[in-house]
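*Asks:* One structure is given below, represented as structure tokens, and several questions about it will come after.
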Amino acid sequence: MKTENAQAQMRKGVLEYCILSVISRNSCYASDILKELKEARIIVVEGTLYPLLTRQKNAGLLSYRWEESTQGPPRKYYELTEAGKEYLHSLDQAWKELIDAVEQIRNKKK
Amino acid sequence: MKKTIKISLQGMVFFIDEDADLLLGEYLSGISDRFPRQEEREEILPDIETRIAEIFTDRLGGKRQVVTLEDVKAMISLLGRPEDIFEPEEGEDSSSGTASPDPQTSRSSRRLFRDPGSGVLLSRPELDIVLTGSGKPELEIYKRARGNTRQAAVRHAEDIDMQWETRDKVIILRPWYRFGKRWHVQ
């Protein structure tokens, strides 16, 4: 089994969580989100972000507003809805539990 | 000397080399074809085009005026190939048919016919374009809805950005529709 495949699967699983986490701090537009995700090396190709944003918006987790830009076309600024905040809170809990579970297994003495 | 083409990406105008334009067109078509549902395409494609415009603007840096093939290749490596971008939604299985692409817009529904007279008949899911005439062609655009076909418009070649060559060569249509989709007819 290739390590890259396992890494890709792990990354994919937490990408949506990371997107919501980024947006939860400030309303932001796609390039802001991409910058953070790339700095954290959680996203491989930028294009992946757009279908996920739309999926999260359609699920009622995100909303957006348009803002004019002096550097190009108007930008969509995303923010979490109330449902999105609740969902993120439950993901935070799940993430902590997951880390604890993995750590417990990895650190168990023989 | 190279020929350049003027294009618009979400309202941003760029000059682009012909070879670069061809690759860009193929890329956008490839992405467009990947959307299982039309409403997703209408929503996401403009966002992707906006990002492409940003990438081109950054790469040109106010120093160059023309988008080159290298710029388009660099953009694709940043954004990713269509097959890298789209992954099945949870619970979707392409073999199960539970969330299969809308047959009206799926790749398999695309058919291309050659008109023995002078041009090419391109059949798209929602629109048919018929090229007629042997010199500068007219475009007859037909809309299909609920099983009916009706003529929607007739356009002269000058009305849209298109390249017309002999039937043995490549014919490129560049109508920039609302969602930036364009059709390359070969």
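The values are calculated or read from the model by the stated rules, or taken from the named source; none is laboratory data. Computed from a predicted structure; not experimentally measured. We place every Cβ from the backbone using ideal geometry, glycine too, and count neighbours over all the protein chains shown. All accessible areas refer to the heavy atoms of the entire protein, side chains included, with ligands and DNA or RNA removed. Shrake-Rupley method; radii C 1.70, N 1.55, O 1.52, S 1.80 Å.
*Asks:* Going through region A:1-76, which trypsin sites (Lys or Arg not before Pro) have at most 11 other Cβ atoms within 10 Å and a DSSP loop state? Each step should come with its number before you reach the end.
*Replies:* Values: sites: A:K2, A:R11, A:K12, A:R25, A:K35, A:K38, A:R41, A:R55, A:K57, A:R65, A:R75, A:K76; in loops: A:K2, A:R41.
Passing both the DSSP loop test and the Cβ count: A:K2, A:R41.
*Asks:* With every protein chain left in place, what is the accessible area of A:T3 in Å² (1.4 Å probe, nearest 10)?
*Replies:* 90 Å²
*Asks:* Kindly state, to the nearest 0.05, the FRET efficiency for B:T57 paired with B:D19, given R0 = 22 Å and r defined as their beta-carbon distance.
*Replies:* Working: r = 20 Å, r/R0 = 0.92.
With R0 = 22 Å, the Cβ-Cβ based efficiency is 0.60.
*Asks:* If you wrap chain A's Cα atoms in a convex hull and average its projection over all directions, what's the area in nm²? All intermediate terms of the calculation are to be shown ahead of the outcome.
*Replies:* Details: hull surface 35.0 nm².
Dividing the Cα hull surface by four gives the mean projection, 8.8 nm².
*Asks:* Using label points projected 7 Å from each Cα along Cα→Cβ, tell me how many nm separate B:Q65 and B:K3, to one decimal.
*Replies:* Computed distance between label sites B:Q65 and B:K3 equals 1.9 nm.
*Asks:* List for region B:38-67: residues with 20 Å² or greater reduction in accessible area, all protein chains versus chain alone, probe 1.4 Å?
*Replies:* Going by heavy-atom accessible area, the residues of region B:38-67 that drop by at least 20 Å² are B:E43, B:I44, B:D47, B:I48, B:T50, B:R51, B:E54.
*Asks:* Same structure again: Name the trypsin sites (Lys or Arg not before Pro) in region B:18-69 that are in a loop by DSSP and that have at most 13 other C-beta atoms within 10 Å, would you?
*Replies:* Counting only loop positions with at most 13 other Cβ atoms within 10 Å, the trypsin sites (Lys or Arg not before Pro) in region B:18-69 are B:R37, B:K63, B:R64.
*Asks:* Total Å² of accessible surface buried at the B-A contact, 1.4 Å probe, nearest 100? Numbers along the way, then the final one.
*Replies:* Values: alone 11130 and 8220 Å², together 17680 Å².
Roughly 1700 Å².
*Asks:* Counting only protein heavy atoms and a 1.4 Å probe, tell me what percentage of chain A's accessible area is made up of carbon and sulfur.
*Replies:* 52 percent
*Asks:* Would you mind checking the tilt of helix A:82-107 against the longest principal axis of the Cα atoms of chain A, expressed as 0 to 90 degrees and rounded to 10?
*Replies:* Approximately 20 degrees, to the nearest 10.
*Asks:* Please list, by residue number, everything in region A:77-110 whose backbone N is under 20 Å from a paramagnetic label point 7 Å out along Cα→Cβ of A:T3.
*Replies:* Under 20 Å, as judged by backbone N against the label point of A:T3, lie A:103, A:106-107 of region A:77-110.
*Asks:* Can you tell me the 0 to 90 degree angle between the C-alpha axis of helix A:49-58 and the longest principal axis of chain A, rounded to 10?
*Replies:* Rounded to the nearest ten degrees, it is 80.
*Asks:* Could you name every residue in region A:56-73 that has 30 Å² or more less accessible surface in the full protein assembly than in its own chain alone (probe 1.4 Å, ligands and nucleic acids excluded)?
*Replies:* A:P73
*Asks:* Turning to a different aspect of this structure: Within region A:22-86, which GluC sites (Glu not before Pro) sit in a loop by DSSP and count at most 12 neighbouring Cβ atoms inside 10 Å?
*Replies:* Working: sites: A:E36, A:E39, A:E46, A:E67, A:E68, A:E79, A:E82, A:E86; in loops: A:E68.
The qualifying sites are A:E68.
*Asks:* Please work out the FRET efficiency for the pair A:E97 and A:A59, using the Cβ-Cβ distance as r and a Förster radius of 30 Å; give the result to the nearest 0.05.
*Replies:* Working: r = 22 Å, r/R0 = 0.74.
So, using R0 = 30 Å, E works out to roughly 0.85.
*Asks:* What is the angle, in °, between the Cα long axis of helix A:30-39 and the longest principal axis of the Cα atoms in chain A? Nearest 10 is fine, range 0 to 90.
*Replies:* Between the helix axis and the principal axis of chain A, the angle is about 30 degrees.
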